[in-house]
Amino acid sequence: MRTRASAAVLTGALALSVLAVPAAHASDGDSGVPAPFAAPAAAPTGKITKVTVDGGKTIAVGTSKKKITVEISASNRSGVFITAGALWRGSDIDTTETLLEADGPNSDPCKRTATTATCKYTFTLDPRTNLANKDAGIWKVAAAALDNAGELVAMKEHYKSAKVVRAAKLTTNATPEPIKKGKTLTISGALTRASWDNLKYNGFASNSVKLQYKKKGAGTWTTVKTVKADSRGAVKTTVKASADGDYRFTYGGSGTTGTATSVADFVDVR
């Protein structure tokens, strides 16, 4: 995490990417590194055309590092040498203390045409080094592009947003098993959530989960009831046993927490 001016953030990310590109692709002598980065003297001639963050999915991170893929595409009438980006949180990229740049690529990350380039990067989200609980939520994606002469031809500090949340887990256990038809079945479990501060899954208190049932041979799940977790994240409820089938708990997630579905527990009703 660090604070830097927005132009330096994006051109710095471009600089790291450029170092991995073979010299044959460069147009600035034999060094393989384009000219120094600077805002173009004239109006930018290019544009960022598409940014995809991990396929557009919500990114749920547990207590260990998670790698995601970011693709950035740009176009420019004289060609695009490379694109790059950064993930950040806050109202202003110039003052943010929560900023993440891509891992350094080991080879040329881009596919090019005469006027476009699409570059793919890996970002590492790691609670041990660059995530804290306060960082869960909406992140912004900045993007930039250089032309073949090393000129900055496109830059957008907030091209799109990505949701990064704390992973959740659920368990389910139905007792007694087997059980006679019509008797009371007790179903219990626990809802926990990853802490990026202490690297543990802690009880996620006072949140609602759904109890679902799927009769043996059926293809779909049916929601039986909604149950609220207690102050420790424990969940417990009862139902009347009717037929052989599976039970599970599901949690729908929130703005800072991922969804969770427990492993199903099959109940033999006799």
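The values are calculated or read from the model by the stated rules, or taken from the named source; none is laboratory data. Everything numeric in this text was worked out from a predicted model, so none of it was measured. Cβ atoms come from the backbone with ideal geometry, glycine included; neighbour counts cover every protein chain shown. We work out accessible area using only protein heavy atoms, side chains counted, and drop any ligands, DNA or RNA first. Shrake-Rupley method; radii C 1.70, N 1.55, O 1.52, S 1.80 Å.
Only Lys, Arg, Asp and Glu count, each charged at its Cβ (+1, +1, -1, -1), so figure out the dipole size of the range 97-186 about its Cα centre, rounded to 20 debye.
My answer is approximately 900 debye.
With a 1.4 Å probe and all protein chains left in place, how much accessible area per residue does the range 59-173 have, in Å²?
Here the residues of the range 59-173 average 41 Å² of exposed surface.
Using each residue's phi in the range 199-211, evaluate 6.51 cos²θ - 1.76 cosθ + 1.60 at θ = phi - 60° and report the 3J(HN,Hα) Karplus result to the nearest Hz, with x for Gly and Pro.
Listing the rounded values in order: 6, 9, 8, 10, x, 9, 6, 6, 10, 8, 10, 9, 8 Hz.
Ala218 to Ser78: FRET efficiency via 1/(1 + (r/R0)^6), r the Cβ-Cβ distance, R0 51 Å, to the nearest 0.05?
E(calc), rounded to 0.05, equals 0.25.
What ranking, highest mean first, results for peptides 214-220, 117-123, 194-200 when packing means the other Cβ atoms within 10 Å averaged over each residue?
Highest mean packing first, the order is 117-123, 194-200, 214-220.
Say each of Leu199 and Asn133 gets a label point 7 Å from the Cα, pointing the same way as Cα to Cβ; how far apart are those two points in nm?
Spacing of the two 7 Å Cα→Cβ label points: 1.7 nm.
Given charges of +1 on the Cβ of Lys and Arg and -1 on the Cβ of Asp and Glu, with all other atoms neutral, how large is the dipole of the range 151-218 about its Cα centre, in debye to the nearest 20?
For the range 151-218, the charge dipole is close to 640 debye.
Within the range 158-269, what whole-number % of the accessible surface is contributed by carbon and sulfur, with the 1.4 Å probe and all protein chains included in the calculation?
Carbon with sulfur: 47 percent of the solvent-accessible area.
Relative to the present Cα-Cα distance, how much length would full extension add between Ala234 and Ser161 at 0.36 nm per residue of separation?
That works out to 22.9 nm of additional length.
Would you rank Val141, Val269 by solvent-accessible area, highest first, keeping every protein chain in place and using a 1.4 Å probe?
Heavy-atom accessible area, descending, gives Val269, Val141.
Convert each backbone phi in the range 65-74 into a coupling constant with the Karplus relation 6.51 cos²θ - 1.76 cosθ + 1.60 (shift: θ = phi - 60°), then list the ³J(HN,Hα) values in order as whole Hz, x for Gly and Pro.
Listing the rounded values in order: 5, 9, 9, 10, 10, 10, 10, 10, 10, 8 Hz.
Whenever you get a sec, line up Thr184, Thr98 from highest to lowest accessible area (probe 1.4 Å, protein heavy atoms).
These residues rank, largest area first, as Thr184, Thr98.
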